[in-house]
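K.L.:
First the structure, which I've put down as structure tokens, then a few questions once you've had a look.
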Amino acid sequence: MLHQASRTHAQITDVFKEIDAVAAEYGIPSLSHTLFEEEPSVQEILGRRAEIMQLAIFGGSVAVHRVLVDGGVEPKALVGHSFGEIAALVSGGAFSLAAGSAWSAPAPARWSSSRAAAA
């Protein structure tokens, strides 16, 4: 569904391009390539690297918000539960997309990246 919507809503590909830049810092493969060129199933994504799924959920939430707002929807409040709080905070403007992407990268990817930078 996200792949189909990306064909008519540039906001979706724009969001994932920015997420890709952050993901690369953590050694996570391009979500844009995975989601929009390969079109894998959920099972295929999980079978490869679960961290792609976590960033895909975050990115999908932010992208849908941007499509709706650009379409004229004016939310009165943004609410997220658990992991969804990050997307709600980014969508509400409290944090940048890059910051939200970094927080959404799974901890093992963040730890590996910080260890490499420290070495």
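K.L.:
Report the gain in length on full extension from E38 to E85: 0.36 nm times residue separation, minus Cα-Cα distance, nm rounded to one decimal.
P.N.:
14.1 nm
K.L.:
Shape call for the stretch 2-113 from the C-alpha gyration tensor, a ≥ b ≥ c root eigenvalues: rounded (a/c under 1.5), prolate (a/b greater than b/c) or oblate?
P.N.:
Values: a/c = 1.87, a/b = 1.26, b/c = 1.48.
Oblate is the answer for the stretch 2-113, as a/c is 1.5 or above yet b/c matches or exceeds a/b.
K.L.:
Additional query: Once the piece of chain linking A98 and R7 is laid out straight, how much longer is it, given 0.36 nm per residue of separation minus the C-alpha distance between them?
P.N.:
The span from A98 to R7 would gain 30.5 nm if fully extended.
K.L.:
What are the semi-axes of the equivalent ellipsoid for the stretch 32-82, taken as the square roots of 5 times the Cα gyration tensor eigenvalues, largest first, in whole Å?
P.N.:
Working: eigenvalues 139, 39, 8 Å².
So the equivalent ellipsoid measures 26, 14, 6 Å along its semi-axes.
Taken together, the values in this text are just the output of simple stated rules run on the coordinates, not laboratory data. Owing to the predicted nature of the structure, the values given are computational and were not obtained by experimental measurement.
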